[in-house]
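Before any comments, here is the structure.
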Amino acid sequence: MSRVQSALALSLLALIVLTGWLPHAGPAFALLFPDRDRLIYRQDDFADLILAHLAIVGASSLLAALLGSGVALAATRRWGLAFRPLLETLLAVSQALPPVAVLAVATPLIGFGPLPALIALFLYGLLPIAQGMLAGLDSVPEGAREVARGLGMTPAQTLWQVELPLAAPVVLAGLRTSVTINIGTAALASTVGVKTLGLPIIIGLSGFNTPYVLQGAVLVGLLALTVDLAFAALSEPLGRWRAPQPSPGEPTLAGAD
Amino acid sequence: MTWRAPVPGALALGTLISLWSLPFVRFAPNRLLTGDGLAWWRAPLGLGHWAALLPCGLLLLAWRAQSRATRVVGLPAAALWLVALPWLAGMAARQMAPEVDGLARVSLGAGFWLSWGLMALLLGELLREAAWPVWRRVLLWVGVLLALLAELSGGALDHLSLLREYANHQDAFNLAFGQHVQLVALSVAPAALLGASLGLLAARRSRVQGALFAVLNLIQTLPSIALFGLLVAPLAWLGEHVPGLGIAGIGMAPGILALTLYSLLPMTRGTLAGLQQVPAAAVDAARGMGMGSWQILWQVELPLALPVFLTGLRITAVQAVGLAEVAALIGAGGFGAIMFQGLLGSAIDLVLLGVIPVVALAIAVDLLFKLIIAGVARHD
């Protein structure tokens, strides 16, 4: 097992063990917070919250991955090349927009519930994915394209058999950023009552119940970490036969929120 | 039929379609109702309806005119639209809800936002094609911005519900503005110092690099709400047991601490990247001239690393402006407080009052640093 794989296993184990143990952790929290009576968040099952969280992130990220990479792909083809600067402007400008703002604007317009959160997550998730696709296709060496052409490959064949496999690590990095951001924004969707892991945090904050906040925060953090490590493990074999790993000094899209 | 300028053409067409198919303004008897949408041609704009000729003209230009003509006529037309559209909406609002303190509300509709946004993209596209130097492009945007600010302060938009919300929440708004700037400044400044030191350390000791970035990446991976939440308990404990500090689990302190932690990764990255791109030949030449390692650092490496370092600072500051929005959840205040208040009350105008200034602040910070970086780069 590689280091990333063992870190992933450890993080996943911690998440599972903690989810199972927290409902019985009353005595432990009583030691930390002696002067409280409601120590454990019991309105929802933690496992249910994790699944609901993953469902909303998964659905929005899947849709965003399809549309975002499609748009970026179109802007790099000959017939869509004219629109590429526009797409880049849009991606650059949207950096000024915090993900939570998209959620906050979508909710009053669409109504309360999971739908506006899903739409907001989908919209914001498009950006890093499109960015990753653009950067990924840019990272394909021109020589590889020429060789493909020389072999008599059609443009579609070149795309599927040469460009996309070579771009895969960078594309995956974009997807990873998108999902990481969405996990954080989905937690914030609990401010409008959407059932995610943010619920214990929000309820805890509004009721001055620090144990609730702690329980939600630890689980959200572990979930984000586990998913991030899963992506790292997934991209490991892709990076092995080409070395596209960005050096730590290279500025990339910020992942927080 | 081929288009001479397909991208501006598509944007002008999009502007027209959104103007025609979506409500331009919304009228509601009171602030809690969403209200009924009024299309462009049904809104009381008087002669202002003719403004729709601007995107029509831009569409024609994009279809047939030479690129120079598109630029000479198109740039002022697009800029005029950006300034005129809010003014027209403000005029319509004055007609429909004449009393500033009445119950009736007129808010901006999707048609307004979309046709304004598409035209802003069109202006950006025309500017890009014009290939002007940075300062001239910035100047034009600043001009548009000043015109909009003049409309705002001149009272032309006072009858729109967004401005009515502002009038009702003016004190909270000003407080939020101060808190937001404070949150960003007090977290980015220490992060810049600490990040610069960490970046320097990483550049000198490559063995530390891996572990350092593993920790910083881990922090960046944590969702903001989780990091804020995790800091609440230890800081509350500290506040209770070490009284003189003035720290509490809720408020500015955890907000600033969390934002500082988030800012460390991009700052350290920027510093390291800046130092790594210093040409080895420059360092060699300095050593050949007999400079000591401190002299090389101060007089050769740091000046050469400065533009990349400043780019890191720009990314960090823009990120912090956005992240500070979430800090309102733990009572740190800022524009997030207004946004969440609007979100909980399902009042879109209040949400926008908490979101638009943040976006404007982020863009302003971004532009400011870009100008500084352009100035520094020109010196070299």
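Counting other Cβ atoms within 10 Å of each Cβ, which trypsin sites (Lys or Arg not before Pro) in segment B:178-257 have at most 15 and sit in a DSSP loop? Can you show the working numbers first?
On the way: sites: B:Arg204, B:Arg205, B:Arg207; in loops: B:Arg205.
For trypsin sites (Lys or Arg not before Pro) across segment B:178-257 that sit outside H, G, I, E and B with at most 15 neighbouring Cβ atoms in 10 Å, the list reads B:Arg205.
Helix A:3-21 versus the longest principal axis of chain A: what is the Cα-based angle in degrees, 0 to 90, to the nearest 10?
The answer is roughly 30 degrees.
I need the phi-derived Karplus couplings for segment B:13-25: 6.51 cos²θ - 1.76 cosθ + 1.60, θ = phi - 60°, integer Hz, Gly and Pro marked x.
With coefficients 6.51, -1.76 and 1.60, one gets 5, x, 4, 5, 4, 5, 5, 7, 9, 10, x, 7, 10 Hz.
Which order do peptides B:25-32, A:200-207 fall in by mean Cβ count within 10 Å, highest first?
Numbers: B:25-32: 17.6, A:200-207: 21.5.
Taking the mean over residues of other Cβ atoms within 10 Å, the ranking is A:200-207, B:25-32.
Note the angle between two axes, namely the Cα long axis of helix A:164-188 and the longest principal axis of the Cα atoms of chain A, as a number of degrees from 0 to 90, rounded to the nearest 10.
Tilt of helix A:164-188: around 30 degrees.
Comparing A:Val147, A:Val171, A:Val179, which has the greatest mean-square fluctuation in the GNM of chain A with Cα pairs linked when under 10 Å apart?
A:Val147
So for each of A:72-83, A:125-136 I average, over its residues, the number of other beta carbons within 10 Å; can you give me the resulting order with the highest mean first? The partial results should precede the final answer.
On the way: A:72-83: 15.5, A:125-136: 25.2.
Top of the packing list down: A:125-136, A:72-83.
Would you tally the net charge around A:Lys195, using a Cβ to Cβ cut-off of less than 11 Å, leaving A:Lys195 out, and scoring K and R as +1, D and E as -1? List each step's numbers first, then the result.
Numbers: positive: none; negative: A:Asp44, A:Asp45, A:Asp48.
That sum, taken over residues with Cβ under 11 Å, equals -3.
For peptide A:178-187, what's the mean number of Cβ atoms from other chains within 10 Å of each residue's Cβ? Working shown, then result.
On the way: counts 0, 0, 4, 2, 1, 4, 9, 4, 2, 6.
Neighbouring Cβ atoms belonging to other protein chains average 3 per residue here.
Can you list the HN-Hα couplings for segment B:119-136, worked out from phi with the Karplus curve (6.51, -1.76, 1.60; θ = phi - 60°), rounded to whole Hz and with x for Gly and Pro?
5, 5, 5, 4, 4, x, 5, 4, 5, 5, 5, 5, 6, 6, x, 3, 5, 6
Can you grab the distance from the C-alpha centre of segment B:258-324 to the C-alpha centre of segment A:12-91, Å, no decimals?
That distance is 33 Å.
Can you list the HN-Hα couplings for segment B:297-307, worked out from phi with the Karplus curve (6.51, -1.76, 1.60; θ = phi - 60°), rounded to whole Hz and with x for Gly and Pro?
4, 6, 9, 10, 5, 4, x, 6, 7, 3, x
Would you please give the residues with an amide H less than 5 Å from that of B:Val25, counting only those at least 5 places away or on a separate chain, with H modeled from the backbone geometry?
Answer set, sorted by chain and number: B:Leu38, B:Gly109.
Summarise the partner chain shielding of A:85-92 as one whole number: the mean count of Cβ atoms from other chains within 10 Å of each residue's Cβ. It would help to have the intermediate numbers written out before the result.
Working: counts 5, 9, 0, 1, 6, 3, 0, 2.
Going residue by residue through A:85-92 and averaging, the value is 3.
Which value results for Rg/Rh of segment B:6-161 when Rg is the Cα radius of gyration and Rh the Kirkwood radius based on the inverse mean 1/r? Could you put the intermediate results ahead of the total?
On the way: Rg = 16.3 Å, Rh = 16.2 Å.
A ratio of 1.01.
How shielded is B:254-263 by partner chains, expressed as the average number of their Cβ atoms within 10 Å of its Cβ atoms? All intermediate terms of the calculation are to be shown ahead of the outcome.
On the way: counts 0, 0, 0, 0, 1, 1, 0, 1, 4, 2.
Per residue, the average neighbour count from other chains is 1.
Starting from the eigenvalues of the Cα gyration tensor, five times each then square-rooted, give me the equivalent ellipsoid semi-axes of segment A:3-240, largest first, whole Å. Before the final figure, lay out each step's value.
On the way: eigenvalues 331, 92, 27 Å².
After diagonalising the Cα gyration tensor, the semi-axes are 41, 21, 12 Å.
At a threshold of 8 angstrom on Cα-Cα distance, excluding pairs fewer than six apart, so keeping six or more, what relative contact order does chain A reach in percent?
Values: 290 pairs, mean separation 66.6, N = 257.
Relative contact order for chain A comes out at 26 percent.
Round to the nearest 0.05 the FRET efficiency obtained for B:Ala280 and B:Leu193 when R0 = 22 Å and r is the Cβ-Cβ distance. If you can, show how the numbers build up before the last one.
Numbers: r = 27 Å, r/R0 = 1.22.
Calculated transfer efficiency: 0.25.
At a threshold of 8 angstrom on Cα-Cα distance, excluding pairs fewer than six apart, so keeping six or more, what relative contact order does segment B:170-379 reach in percent? Walk me through the intermediate numbers first.
On the way: 272 pairs, mean separation 54.8, N = 210.
With pairs under 8 Å counted, the relative contact order is 26 percent.
How many nm separate the modelled label positions at A:Asp35 and B:Thr34, each set 7 Å beyond the Cα in the direction of the Cβ?
4.7
Which of the peptides A:211-218, B:125-132, B:222-229 is most tightly packed, and how do the rest follow, judged by the mean count of other Cβ atoms within 10 Å per residue?
Highest mean packing first, the order is B:222-229, A:211-218, B:125-132.
Pairs of Cα atoms under 8 Å, at least six residues apart: use those to get the relative contact order of segment B:287-380, whole percent. Before the final figure, lay out each step's value.
On the way: 72 pairs, mean separation 25.6, N = 94.
For segment B:287-380, the relative contact order is 27 percent.
Pick out which of A:Ala148, A:Ala224, A:Ala156 has the largest mean-square fluctuation in a Gaussian network model of chain A, springs linking Cα atoms closer than 10 Å.
Highest fluctuation of the listed residues: A:Ala156.
Using a/c under 1.5 as the rounded threshold, could you call chain B rounded, prolate or oblate? The axes a ≥ b ≥ c are square roots of the C-alpha gyration tensor eigenvalues, and prolate needs a/b larger than b/c, oblate otherwise.
oblate
Say we join alpha carbon atoms closer than 10 Å with springs in a Gaussian network model of chain B; which of B:Thr70, B:Thr221, B:Thr34 then has the biggest fluctuation?
So, out of B:Thr70, B:Thr221, B:Thr34, the one fluctuating most is B:Thr221.
For A:Leu62 and B:Met291, what does the FRET efficiency come to when R0 = 56 Å and r is the distance between their Cβ atoms, rounded to the nearest 0.05? Each step should come with its number before you reach the end.
On the way: r = 56 Å, r/R0 = 1.00.
Approximately 0.50, to the nearest 0.05.
With only Lys, Arg, Asp and Glu charged, each at its Cβ (+1 for the first two, -1 for the last two), find how big the charge dipole of chain B is about the Cα centre; round to the nearest 20 debye.
1080
Quick note: the coordinates plus some simple rules give every number you see, no bench work behind them. Just so it is clear, the model here is predicted, and its values are computed rather than measured. Reconstructed Cβ throughout: ideal geometry from the backbone, glycine too, with neighbour counts over all protein chains shown.
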